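Encoded as structure tokens, the structure appears first; notes follow it.
The values are calculated or read from the model by the stated rules, or taken from the named source; none is laboratory data. Since the structure is predicted, the reported quantities are computational estimates derived from the model, not experimental observations. Every residue, glycine among them, receives a Cβ derived from its backbone with ideal geometry; neighbour counts consider all protein chains shown. Protein only, heavy atoms only, side chains kept; ligands, DNA and RNA dropped before computing areas. Shrake-Rupley method; radii C 1.70, N 1.55, O 1.52, S 1.80 Å.
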Amino acid sequence: MSRVNTKEIGVALLGFGTVGAGVVETLQKNGSLLAARLGVRPVLRGIADLDLTSDRGVSVEPGLLTTDGAALIARPDVQVVVELIGGSGVAKDFVLQALKLGKPVVTANKKLLAEHGAELHRVAEENKTEILFEASVGGGIPIIKALREGLCANRIECMYGILNGTCNYILTRMEDEKLPFDDVLKAAQAAGYAEAEPSLDIDGHDTAHKAVVLASLAYGCEVPLDKVNVAGIRGLAAADIAYAAEMGYRIKLLAIIRGGPDGVEVSVQPTLVEHTHQLAAVAGVYNAVLVVGDVVGTTLYYGRGAGRAATASAVVADLADAALNLRSGGRRRDLGTAHAQSPVPLRNPGDIVARNYLRFSMRDEPGSLARVATALGAHGIGIDSVMQQEAPRNAEYVPVIIVTGPAKDREIAAALAEISHIAGVTDRPTVRYRIEDFD
Ligand code: HSE
């Protein structure tokens, strides 16, 4: 027989948007199951939002709604605060208020964590409480718990993440339906997958916030967001997706986090992934994180990375942890702050070695390709393959794809700068994407 629960943990919900409504719905649907599993029932004491009238598709007692978040946090019958406002403005004030009152905070706010994570963890520590953030990365995928608990015996060698559902949806449709970027973005906006103001997603910043959260946790380093190399998928040409496919690759917006003796690489960029690799199979709005630990080897986490239900699942899981910890008087293991004492430096991006996909628009004249190959060679850059399709007779420029051998980023950049000055060879910008070999 299930244990009957009589105890309650009071919850303040800040932000009644899509995910907030999902949390209310999940508590209504599975509250009894949770209470039976935990021996304590999370009970909503109030929901704060500036908009108290919109229909969120979930019914709540009108008396729960308030516009006064600060008063709700301070109520003595509130023990846990769930922050789902987003951004790093008022959300930060509320999170700090709760932590200073010694109340654990559950948040999905990757921007806040990426920009102010170290400060928030310190305030939590000082006030003997905690900040839980499973929903900040990968939506419903329990990647934070995997890193904090399941993999804590490992040094994390590297992580690769497809962390933005909007971008992955756009790239998948561009490839499958051979459509241009702008058309797919518009369709994604119409279908509600992409925001009306999509730059946070398509310019890679949302992925960068998530990469910073993962890197900080895995390496105990405070990762300065402004030092992360970020490139998004805005304007990516359907032609490059098609050329990559012809060569056996898919283009994914990949977060790359890799430890090494001279520092940690944290970067976000469109990346060619061999089509047989597991990450190449991640399609549509799904997310995946591949984690390599020195003991466990390769592990892969996959699921819905965004949306009301998936994100609510992660928020309520954290709520359950907070409730259990409050009942036991304990706190969860926090590898992030535990080894933050010895921060690992970020790797100089120029030192990173990778193969590259280069698409030159070359003048269709004898010697063009030879001059480009010579310039690459002069920078110690080998050529793995070359692809040129026959151009129409009167075409001024022809696309020539060169896949380089492994080369330092700074050498590639220097060679491309030099090539751009070889008059009459290629006076249009060269397209460049990294190829990840996962070795
Ligand atoms: N907008 C994000 C995505 C979800 O498309 O994956 C929230 O981080």
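Structure data summary
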| quantity | calculated |
| --- | --- |
| Two-site FRET efficiency, Glu126 against Asn394, from Cβ-Cβ distance with R₀ of 60 Å, rounded to 0.05 | 0.25 |
| Shape category assigned to the chain from the gyration tensor of Cα positions, a/c cut at 1.5 | prolate |
| Per-pair calculated FRET efficiency, R0 = 35 Å: Ala74 and Arg327 via Cβ, rounded to 0.05 | 0.95 |
| HN-Hα J in Hz across region 44-53 - Karplus 6.51, -1.76, 1.60, θ = phi - 60°, x for Gly and Pro | 5, 8, x, 10, 9, 7, 6, 9, 9, 10 |
| Cα long-axis angle, helix 308-328 against the chain (0 to 90 degrees, to the nearest 10) | 50 degrees |
| Length gained when the stretch Arg37-Ala153 is fully extended (0.36 nm per residue, less Cα-Cα span) | 39.1 nm |
| Nonlocal amide H pairs with Leu132, under 5 Å, H built at 1.01 Å | Val105, Val106, Thr107 |
| Set of aspartates and glutamates near Lys7 by C-alpha distance (under 20 Å), chain-local residues within fewer than 8 positions excluded | Asp77, Asp318, Asp321 |
| Where a label projected 7 Å from the Cα of Gln97 along Cα→Cβ would reach, residues of region 47-81 with amide N under 13 Å | 47-50, 66-76, 81 |
| Cβ-Cβ FRET estimate between Glu274 and Ala413, R0 fixed at 22 Å, reported to 0.05 | 0.35 |
| Spacing of the two label points (7 Å from each Cα toward its C-beta) at Ala378 and Ala238, in nm | 3.8 nm |
| Assigned charges on the beta-carbon of Lys, Arg, Asp, Glu; region 157-296 dipole about Cα centre (debye) | 140 debye |
| Relative contact order of the chain, pairs being alpha-carbon contacts under 8 Å that are 6 or more residues apart, as % | 16 percent |
| Estimated inter-spin distance, Asn348 and Thr298, nm [label 7 Å along Cα→Cβ] | 3.1 nm |
| Within the chain: Cβ-based charge dipole about Cα centre, in debye rounded to nearest 20 (Lys, Arg +1; Asp, Glu -1) | 1240 debye |
| Size of charge dipole - region 27-156 - debye, nearest 20, with Cβ of Lys, Arg +1 and Asp, Glu -1, no other charges | 460 debye |
| For Glu157, residues with placed amide H under 5 Å, excluding near neighbours | Val292, Gly293, Asp294 |
| Principal-axis tilt of helix 110-126 within the chain, Cα atoms, nearest 10 degrees | 40 degrees |
| Nearest-10 value in Å² for the accessible area of Asp182, using the 1.4 Å probe | 100 Å² |
